[in-house]
Amino acid sequence: MTYDLRWLRLHGLIERISHTFRYQVTGTGLRSARYLTRPHDRLRRTGLAELTDPDPPAPSRLRATDRAYQGRHRRQRGLAAAT
C-alpha cells in the first residue's frame, strides 16, 4: 500500500493532507480517473472477458486476432528455442 500511495503522490494524482495520515485526490487525479474509466468499461473489461471466456457466444474479430497473435508468438518462441 505504501508503494502505491507513493507512486500516486509522485505522479501528482493524490496529495497528502498536512498534519494527517490522509490523502486527497488532485484535479489531475480526477481528470485521469474520469478519462480512464470509460476506455476500461468499454474496451478492456469486455475484451478481456471475451478472450478468456471458454465458450464465447459467437466468433468475433477480437478472438480471431488473439488466436492469430498467440499462434505467431508460439511459432517465434519455437524458432528462438531451435537456434
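Any read-out appearing in this document is the output of simple, stated calculations on the displayed coordinates, not a laboratory observation. Because the structure is predicted, anything quoted here is derived from the model rather than measured. Backbone-built Cβ (ideal geometry, glycine too); neighbour counts: all protein chains shown.
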Notebook entry, point to check: Which FRET efficiency value, to the nearest 0.05, is calculated for residue 77 and residue 6 with the Förster distance at 35 angstrom and r the Cβ-Cβ distance?
Noted result: 0.45
Margin query: If I stretch the segment between residue 26 and residue 68 completely, what's the gain in nm (0.36 nm per residue apart, minus their alpha carbon distance), one decimal?
Written below: 10.9 nm
Next item on the list: Give, in nm to one decimal, the length gained when the segment between residue 17 and residue 37 is fully stretched (0.36 nm per residue of separation minus the Cα-Cα distance).
Entry: 4.7 nm
